[in-house]
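Asks: My questions all concern the structure below.
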Amino acid sequence: MNLTLLTKWWWRFFNEPSTPWNKLIRSLYYTRRTPLHEGRSFLPHSQWWRSVLFCQDIFKCGTIYKIGDGRDIRLWSDIWLGETSLRTQFPEIYDNVRNKDVSVSHCWNTNGWGWRFICRGFAANHTADVRK
């Protein structure tokens with residue numbers, strides 16, 4: 001199947017949540033998982049949805065997230081601040097991060113950014129780079 005058409009299903013998945021096919025996919029595969037963050041070991045029964053999953057990286061390249069509560073946004077790998085991911089903007093810092101899959105909500109609290117959580121395990125010189 002055409003990669004463009006398969007990628008369009010991701011757009012429809014997020015923009016047409018009340019359609020019957022969308023409700024079915026969500027009930028089958030996303031009661032405990034977050035869309036676009038399934039992990040490589042996730043293999044749905046549907047051959048069609050496996051094909052759609054194959055195109056998720058293409059979809060993510062053109063996606064900019066709205067933060068909301070931050071639970072579904074990955075701090076380092078999703079594009080939510082600027083035009084590229086923080087992983088791409090700050091590769092040296094990303095290489096030294098312990099939890100590369102952390103969500104934005106885990107790094108933000110009522111007092112602002114949880115730098116101690118974000119910088120846990122960094123050398124002192126890397127911590128200064130992150131705070132800039």
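Asks: For ASP72, ASP78, give the ranking by accessible area with the largest first, probe 1.4 Å.
Replies: My answer, sorted largest first, is ASP72, ASP78.
Asks: How many Å² of accessible area per residue for the chain, probe 1.4 Å?
Replies: I get 68 Å² per residue for this part.
Asks: With Rg/Rh (Cα atoms, Kirkwood Rh) in mind, check (i) 1.02; (ii) 1.00; (iii) 1.08 and report the label derived from this structure.
Replies: Correct label, based on the coordinates given: (i).
Asks: Would you calculate, for the chain, the mean residue ellipticity at 222 nm contributed by helices, counting each DSSP H stretch of 4 or more residues as -39,500 (n - 2.57) and dividing by all residues, to the nearest 500?
Replies: -11500 deg cm²/dmol
Asks: Ok, one more. Could you look at the chain and say what percent of its accessible area is carbon and sulfur, using a 1.4 Å probe and all protein chains?
Replies: Taking all protein chains in place, the chain shows 54 percent carbon and sulfur surface.
Asks: For a Förster distance of 35 Å, can you work out the FRET efficiency between the beta-carbons of LYS8 and PHE42, rounded to the nearest 0.05?
Replies: Once rounded, the FRET efficiency stands at 0.95.
Asks: Compute the projected area of the convex hull of the Cα atoms of region 3-62, averaged over all viewing directions, and report it in nm² to one decimal place.
Replies: Dividing the Cα hull surface by four gives the mean projection, 4.0 nm².
Asks: Mind pulling the angle between the C-alpha long axis of helix 20-29 and the longest principal axis of the chain? Nearest 10 degrees, somewhere in 0 to 90.
Replies: Tilt of helix 20-29: around 50 degrees.
The values are calculated or read from the model by the stated rules, or taken from the named source; none is laboratory data. The shown structure was predicted, so the numbers you read here are calculated from the model rather than taken from an experiment. Every residue, glycine as well, gets a Cβ built from its backbone with ideal geometry; the counts of neighbours run over all protein chains shown. SASA here: full protein model, heavy atoms, side chains in, ligands and nucleic acids out. Shrake-Rupley method; radii C 1.70, N 1.55, O 1.52, S 1.80 Å.
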